[in-house]
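A quick write-up on the structure given underneath.
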Amino acid sequence: MAGIKDIIWTDKSKNDLKNIYEFISYTVNEKKVFDTISKIIEKVEILYKTPKAGQREPKFEELKKEYRRLIEQHCKIVYHIMEDPVYINRVFDSRQNPGKLTIK
């Protein structure tokens, strides 16, 4: 698969990113917060050139769509490809209970 033209962040993934921002802003300075969020966004942007860069996400293998994941620091970025675009479904802070990671 060649590169893609668009990446769509779902409402859930946008909310996840906001929650991560709020959580880490309590523990580190503003520069570190900005760096963390920037690294997550930069990681997602590699999907423009290489949509299948992430590994398959085994937690969602039973679902019809093929979910993949990227890892940035302590965050798991879960996405799926619909030809073009790629949908970012979740940005999950792995310090949470893994049972909280759901798609629906």
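Any read-out appearing in this document is the output of simple, stated calculations on the displayed coordinates, not a laboratory observation. In this text the structure is predicted, and so the values were computed from the model without any measurement. Here Cβ is always computed from backbone atoms with ideal geometry, including for glycine, and neighbour counts include all displayed protein chains.
Is there a residue in region 40-51 that is surrounded by 13 or more Cβ atoms within 10 Å (Cβ to Cβ), touching a residue at least 12 places away in the same chain (Cβ under 8 Å), under 16 Å from Ser94 (Cα atoms) and among the β-branched types (Val, Ile, Thr)? So far as region 40-51 goes, yes, one or more of its residues are surrounded by 13 or more Cβ atoms within 10 Å (Cβ to Cβ), touching a residue at least 12 places away in the same chain (Cβ under 8 Å), under 16 Å from Ser94 (Cα atoms) and among the β-branched types (Val, Ile, Thr). For region 74-90, filtered to residues that are of a type in the set (D, E, K, R) and not in a loop (DSSP other than H, G, I, E, B), the residue that is surrounded by the most Cβ atoms within 10 Å (Cβ to Cβ) is Arg90. Any residue that is over 27 Å from Ala2 (Cα atoms) and in contact with a helix residue (DSSP H, G or I) (Cβ under 7 Å, 6 or more places away or on another chain) - is there at least one of those in region 35-50? Yes, the conditions are met somewhere in region 35-50.
Each residue in region 48-73 was checked for being among the hydroxyl-bearing types (Ser, Thr, Tyr), under 14 Å from the mean Cα position of the chain (by Cα) and part of a loop (DSSP other than H, G, I, E, B), and 0 of them qualify.
Search region 1-36 for residues being more than 12 Å from Asp93 (Cβ to Cβ), of a type outside the set (D, E, K, R) and part of a helix (DSSP H, G or I), and hand back the single one that is nearest to the chain's Cα centre (by Cα). So the residue we want is Ser13. Number of residues in region 22-31 that are closer than 15 Å to Cys75 by Cα and surrounded by 12 or more Cβ atoms within 10 Å (Cβ to Cβ): the value is 2.
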